[in-house]
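Read the figures in this text as sums done on the coordinates, not as results from a lab. Since the model is a prediction, treat every value here as computed from it, not as a measurement. Cβ coordinates were reconstructed from backbone atoms using ideal geometry, including for glycine residues, and neighbour counts include every protein chain displayed.
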Amino acid sequence: MLRVSMALVALLGTVFAADAATVVPTVYEAGHFFATPTTKDGHSLRILIDTGAGGSNFWITRAAADRLQLKPSVCPKEPWEAQSKATFVTRPEYAPRAGIPAAASHCGDILVVNTGSAIGNADGLAGGTYLATHAWTFDYPARQLRVEDDAWQPANDAHAFDLGMQRNPEGALTTAYPRVTIRVAGEDVDVLLDTGATAQPTKAGVAAMKTPTMNGLGVASYITSTLMNRWHADHPEWPLIGAADDLGAGKAVRAIQVPMVEIAGWSVGPVWFTERADSNFESFMSEYTDSAVHGAVGANVLDAFVMTLDYRKAKARLACPRACRATPVKH
């Protein structure tokens, strides 16, 4: 999950027109999918695919735009763009079968953000708003990302579940932060579905959690301090580590291991959750989801699944070829 200001959310709040169904050129590193489109001139980009950045379209850094020598956009500006002083560059011409879908807004051009980089030394990020008008399959076992066409059909053993999405009174998406319900120790917990949820385990965290990392970064699921404290009080036998993860500023946070997480009628576990301040979710994130969320479920849960997210229908499917078992879906 990448935090952005609400001004930037408004700036990025547009959708894309997907090309035909295709396998997206991708590298998979320590639980993160990075799209790696290549231009006809042989230049490449590295774009984090992050469902937890629901307000974000497709953006790249100024350094990446300069490296690819992308030209300034000539697309007519909308009034909000002029007011925001947004900078766009013309989308590059990609090599055959080496591109990614273009944004439908601003003539398909790419927003340039004056920041260092996204997670994992990425050149940019594609968030929920970019994903929001098509169906995407995150095939974790195959390490493959696909854009599905309208003829796509789920596997027979895939379990369906709803994506909670915030909408305006007319029914249009206001943001694209997907909310899902997981079940832990018999309790339903609403959380953000966050393929970009990132861990930076400490030495103690690596030793206890065995989190795979690349350059010190891996994936995580998050839970608020209040809920972590309650889990620990109710289940003192669940392992709890102090100073387990030091992603971001401030002191290292705790992590707790729950024996099982249920999602869409599948059970996986055990699963580590890292601590986040209540305000991160109870106030900030819950303003942009359709109902309150208390954490996030990331790829340390999702990596068991072939997951298809169809934002258009606010539906998802999970098939599990490994490391999980079916449990009754609660109604």
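First check a/c for the chain, with a ≥ b ≥ c the square roots of the eigenvalues of its C-alpha gyration tensor; if it is under 1.5, answer rounded, and if not, answer prolate when a/b is larger than b/c or oblate otherwise. Because a/c hits 1.5 or more and a/b exceeds b/c, the chain counts as prolate.
Each stretch of four or more DSSP H residues adds -39500 (n - 2.57); spread over every residue of the chain, this sum gives -3000 deg cm²/dmol at 222 nm. The order of the peptides 184-192, 213-221 by mean Cβ neighbours within 10 Å, most packed first, is 213-221, 184-192. As a length-normalised measure over Cα pairs under 8 Å and 6 or more apart, the relative contact order of the chain settles at 20 percent. In percent, rounded to a whole number, the relative contact order of the stretch 123-280 is 17, using alpha-carbon pairs under 8 Å and six or more apart. Could you list the residues of the stretch 30-65 with an amide nitrogen less than 15 Å from a label point located 7 Å from the Cα of Asn121 in the Cα-to-C-beta direction? Only 30, 34, 44-48, 64 pass the distance filter. Each distinct pair of alpha carbons in the stretch 221-325 adds a 1/r term; the inverse of their mean, the Kirkwood radius, is 15.0 Å.
With 0.36 nm allotted per residue and the present C-alpha distance subtracted, the Ser279-Asn114 stretch has 56.7 nm of extension available. Distance from the Cα centroid of the stretch 31-77 to that of the stretch 138-181 is 22 Å (rounded to whole angstrom). Over every Cα atom in the stretch 138-204, the radius of gyration and the widest Cα-Cα span, Dmax, amount to 16.1, 50 Å.
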